[in-house]
Amino acid sequence: MSKFGTLVMGPAGAGKSTFCASLIQHLQTNKRPCFYVNLDPAAEDFAFEPDLDIKDLISLEDVMEEMSLGPNGGLIYCFEFLMENLDFLTDPLEEVTDEYLIVFDMPGQIELYTHVPILPGLVRTLMRGSLNINMCAAYLLEATFIIDRPKFFSGTLSAMSAMMMLEMPHVNILSKMDLIKGQVAKRDLKRFVDPDPNLLEDDPARKTQPENEERKGYQDPGLTKEVMSGSSFDRLNRAVAQLIDDFSMVSFLKLDVQDEDSIGLVLSYIDDAIQYHEAQEPKEPKDEYLEASMEAYD
């Protein structure tokens, strides 16, 4: 028997916990069971109480205090400790049936998804062996990134890196779409949903100065403003954008958590990626509905 789940991840501030809460509310509204797993050892406030919480095993605050580690080092330690005590996670999940959607709420430290090999090991444990969870990643990127186009391509590169590292189905999502209403034309928005490398060429905020324009006074090349407006920075961004286009792996769904239809659309893509509906047995209609339908034909 297969189980089904989604790994909700992305950079800090992308709205992962908010999305989890909206997704759980949507599932409850549609009478669909859900098992909520918090894997962020620093999380404090929850709209819905987790069914399984890593903080019952280890917390980031305790690790930082006892091990004299910073937030990033402490988080890595927490996940290493989890990998050494996997029965904390796997034993409760053994009891979850195939009707449930298991929602894993992940922390926002980007290195977990890009170059630290801990998370791929965790994913393999969940997707193989006795648990056999059909999972996909829901990677959230804040929609406000599209206001700064180099930042958008940097975020898109992190999404692509996670896709390649985790080797699992991905649904990439532009979250907090309500924050950019009226700031980006619909025609331009389509070029972000399917990232277009020419966005950098058309970026009004990145117009380079004419070569013959004299710059007055000494300009410190080490200043952030100078680095991020120079030709080397532009070439780097174009190379990143071209790399993303060459692989052609990343496209985005638009998400507004205040819109029930938007949540439903994202969930439909998640269900398709994990083949949820294909595994469900057809259910007999309830007696009252059957009787009502029979009376309609009398």
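Read-outs: derived from the displayed coordinates by stated rules, not from any lab. From a predicted model like this one, the values you see are computed outputs, not experimental measurements. Neighbour counts run over all protein chains shown; Cβ positions are idealised from the backbone, glycine included.
The protection proxy used here, the mean number of other Cβ atoms lying within 10 Å of each residue, ranks peptides 125-138, 192-205 as follows, highest first: 125-138, 192-205. Here the extension length gained between S161 and S251 equals 31.1 nm, from 0.36 nm per residue of separation less the Cα-Cα distance.
Between N132 and T97, the contour length at 0.36 nm per residue exceeds the alpha carbon distance by 11.5 nm. Taking each residue as 0.36 nm, the span from H277 to D203 lengthens on full extension beyond its C-alpha to C-alpha distance by 22.4 nm.
Distant-in-sequence amide contacts of H170, defined by a placed amide H-H separation under 5 Å and a gap of 5 or more residues or a different chain, comprise A137. Phi angles of the range 234-249 translate, via the Karplus equation with coefficients 6.51, -1.76, 1.60 and θ = phi - 60°, into HN-Hα couplings of 5, 5, 4, 5, 5, 5, 4, 4, 5, 4, 4, 5, 5, 6, 6, 9 Hz per residue; Gly and Pro are given as x.
Put a dot 7 Å past the Cα of E65, heading toward its Cβ, do the same for K181, and the two dots end up 4.3 nm apart. With θ taken as phi - 60° and the Karplus curve 6.51 cos²θ - 1.76 cosθ + 1.60 applied, the whole-hertz 3J(HN,Hα) list for the range 260-269 is 4, 5, 5, 4, x, 5, 4, 4, 5, 6 Hz, x standing for glycine and proline. Residue pairs exceeding 23 angstrom between C-alpha atoms, taken from K151/K181; K3/K190; K55/K151; K31/K190; K31/K55; K3/K31: K3/K190; K55/K151; K31/K190; K31/K55.
Take peptides 145-151, 67-73 and line them up by average Cβ neighbours within 10 Å, highest first, as a rough protection proxy.
Working: 145-151: 19.1, 67-73: 12.1.
My ranking of the peptides, most packed first, is 145-151, 67-73.
For a modelled paramagnetic label at N30, 7 Å from Cα along Cα-to-Cβ, the residues of the range 73-104 in reach, with backbone nitrogen under 15 Å, are 99-103. Sparse packing (at most 11 other Cβ atoms within 10 Å of the Cβ) combined with a DSSP loop state is found for none of the chymotrypsin sites (Phe, Trp or Tyr not before Pro) in the range 87-140.
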